[in-house]
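Q: I'd like to ask some things about the structure below.
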Amino acid sequence: MSMARTTGKPSKSVRGQPKAAGGGGKAGGEDRWRPLAWMGLRFEVPRHWEVLQHGSDPTRGRLILVDRRRQRMQLSWAKLDSRPDLEQAMADHRSRDMTEDADVELSEMLRPHGWIGYTRFSEQGALTRLTRYEQELAYWVDLVISHPGRHDPALDEGLAGGFDAPGPDEPVHWRAFGLDVRTSPEWKLSGTTINAGDATLRFAEKDGLSEVAVRRLGMIDAWFLGDVQQWLRHHIGVMVEAEFTTVRMGNESAVKATSREPGTRWRRMLGKLRVRRDAAWACDTSKSLVCVTTWSPDAEPVEPHEFEVDTWPMI
């Protein structure tokens, strides 16, 4: 990535000089990066960055990532009917930057790994803005990277090069909050519940009545007594009639409970109540308890094993 800068006057600034090897970039530090995925968009970020805010609308939203002190990255997406003029969009951003701050310094236009953008240098640090359009998904994607100290070109290179977007018919990947989930395209994210040590992703069938919830509870050494069926009994409700069996979830042995969602007697008589299926297992590697719950009509059953679910240690 060329980092030459353009300003209205000659510059003697050293703010754009790269850090030594071992800074924020991948050089000499591959093990410090980890994959994340949201809305099917996959990328790699420094291992100590965490998701602070996340959008659940597939048509427009953003992810904000922070390190231990401040915001470092924002990834935004918007679904468009036609390809935007990326060159003009970046030209408009550059013009606003130069208008708002006469002392700002801007790099030449950058084009790393299919992105287009530039870096802005100021007394507060550097900020790299990149954009791209994913034709098959009809997504306009923006990436903003904050450098609070000296600019680190290797960080920009690593984030830009680690991005990937699958085709519209490929499984949609979700990897955040200690959960790693792949769903088929007919499922959409309907909600999230994210608490410390307890994360749930909920999905709804786009053209049907079925729903799925994937939950991860961490730190099992501190609270879990080792009996998955007992936990599952309380999870679905001690007064609910359920049938328990042992099943396989990927490489894990899980306990499955089959029951029916609560409802009025008339809904039960008309066959309107969906079947609920829970599959839960303890993962020693990630120190977590995982539960996949599906709700589906009798005529169109959805099983927990239809979803590829994994977990990873948060610490």
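The values are calculated or read from the model by the stated rules, or taken from the named source; none is laboratory data. These numbers come from a predicted model, not from an experiment. Counting neighbours? That spans all protein chains shown, and the Cβs are built from the backbone with ideal geometry, glycine included.
Q: I'm trying to understand the selection: among the residues of segment 95-111, which are part of a loop (DSSP other than H, G, I, E, B) and surrounded by 18 or more Cβ atoms within 10 Å (Cβ to Cβ)?
A: Let us first name the residues in segment 95-111 that are part of a loop (DSSP other than H, G, I, E, B), namely 101-104, 108-109, 111.
The one that is part of a loop (DSSP other than H, G, I, E, B) and surrounded by 18 or more Cβ atoms within 10 Å (Cβ to Cβ): Val104.
Q: Restricting to segment 90-108, what's the tally of residues that are farther than 19 Å from Arg150 by Cα and among the hydrophobic types (A, V, I, L, M, F, W, C)?
A: Matching residues across segment 90-108 total 4.
Q: Quick one: count up the residues across segment 218-233 that are surrounded by 16 or more Cβ atoms within 10 Å (Cβ to Cβ) and either touching a Cys at 6+ places or on another chain (Cβ under 8 Å) or small (Gly, Ala, Ser) (or both).
A: Count: 2.
Q: Let me ask something else. Within segment 29-56, track down each residue that is surrounded by 13 or more Cβ atoms within 10 Å (Cβ to Cβ) and charged (D, E, K, R).
A: Within segment 29-56, Arg32, Arg34, Arg42, Glu44, Glu50 qualify.
Q: Okay, moving on. Is at least one residue of segment 267-276 free of Cβ contacts under 8 Å to residues at least 60 places away in the same chain, assigned to a strand (DSSP E or B) and under 22 Å from His173 (Cα atoms)? Talk me through it step by step, then tell me what you get.
A: Step one: of segment 267-276, the residues free of Cβ contacts under 8 Å to residues at least 60 places away in the same chain are 267-273, 275-276.
Subset that is assigned to a strand (DSSP E or B): 275-276.
Then keep just the ones that are under 22 Å from His173 (Cα atoms); that gives none.
Looking for residues that are free of Cβ contacts under 8 Å to residues at least 60 places away in the same chain, assigned to a strand (DSSP E or B) and under 22 Å from His173 (Cα atoms), one finds none in segment 267-276, hence no.
Q: Also, I was wondering about something else. Scan segment 75-90 and tell me whether some residue there is at pLDDT below 95, assigned to a loop (DSSP other than H, G, I, E, B) and among the hydroxyl-bearing types (Ser, Thr, Tyr).
A: The answer is yes, given that some residue of segment 75-90 is at pLDDT below 95, assigned to a loop (DSSP other than H, G, I, E, B) and among the hydroxyl-bearing types (Ser, Thr, Tyr).
Q: Within segment 141-172, how many residues are modelled with pLDDT of 95 or more, buried (at least 20 other Cβ atoms within 10 Å of the Cβ) and part of a strand (DSSP E or B)?
A: 4
Q: Does Pro112 count as outside the structural domain of Ala204 (by TED's automatic domain parsing) and in contact with a Leu (Cβ under 8 Å, 6 or more places away or on another chain)?
A: It is true that Pro112 is outside the structural domain of Ala204 (by TED's automatic domain parsing) and in contact with a Leu (Cβ under 8 Å, 6 or more places away or on another chain).
Q: Which count do you get for residues in segment 254-266 that are at pLDDT 95 or above and not basic (Lys, Arg)? Even if it seems obvious, please write down each step before you answer.
A: Taking segment 254-266 as the starting set, the residues that turn out to be at pLDDT 95 or above are 254-259.
The next check asks that each one be not basic (Lys, Arg); those that pass are 254-255, 257-259.
Total satisfying the criteria: 5.
Q: Quick one: Thr128 ticks every box in (1) more than 20 Å from Asp67 (Cα to Cα); (2) buried (at least 19 other Cβ atoms within 10 Å of the Cβ); (3) of a type outside the set (Phe, Trp, Tyr) bar one, so which box is it?
A: Tallying (1) more than 20 Å from Asp67 (Cα to Cα); (2) buried (at least 19 other Cβ atoms within 10 Å of the Cβ); (3) of a type outside the set (Phe, Trp, Tyr), Thr128 fails exactly one: (1).
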